[in-house]
Amino acid sequence: MTVSKDVGISLLSQEGKRPEEAVVVLPQKLMLNQEPVADCARYDKLLQEARHVA
């Protein structure tokens, strides 16, 4: 793969620069009251039920 000189210079000039993170303000009604919890056993059970129905 060949990269042009202009592309190389552009990539090197951007090194270390990070775009500013956007600040998102959510309305209170969209805030989580309880953090989600991963429940792999429940997911496995749902997959088994889906296979049984299909």
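May I ask you to verify whether Val24 is free of Cβ contacts under 8 Å to residues at least 12 places away in the same chain, among the aliphatic types (A, V, I, L, M), open to solvent by less than 90 Å² (accessible area, probe 1.4 Å) and out of contact with any strand residue (DSSP E or B) (no Cβ under 9 Å at 6 or more places or on another chain)?
no
Filter the range 1-30 down to the residues that are over 21 Å from the mean Cα position of the chain (by Cα) and of a type in the set (Gly, Ala, Ser), then identify the one that is modelled with the highest pLDDT.
Among residues in the range 1-30 that are over 21 Å from the mean Cα position of the chain (by Cα) and of a type in the set (Gly, Ala, Ser), the one modelled with the highest pLDDT is Ser4.
Mind listing whichever residues of the range 31-49 are among the aliphatic types (A, V, I, L, M) and either open to solvent by less than 100 Å² (accessible area, probe 1.4 Å) or modelled with pLDDT of 90 or more (or both)?
Within the range 31-49, Met31, Ala38, Ala41, Leu46, Leu47 meet the criteria.
The values are calculated or read from the model by the stated rules, or taken from the named source; none is laboratory data. Not measured: the values here are computed from a predicted model. Every residue, glycine among them, receives a Cβ derived from its backbone with ideal geometry; neighbour counts consider all protein chains shown. We work out accessible area using only protein heavy atoms, side chains counted, and drop any ligands, DNA or RNA first. Shrake-Rupley method; radii C 1.70, N 1.55, O 1.52, S 1.80 Å.
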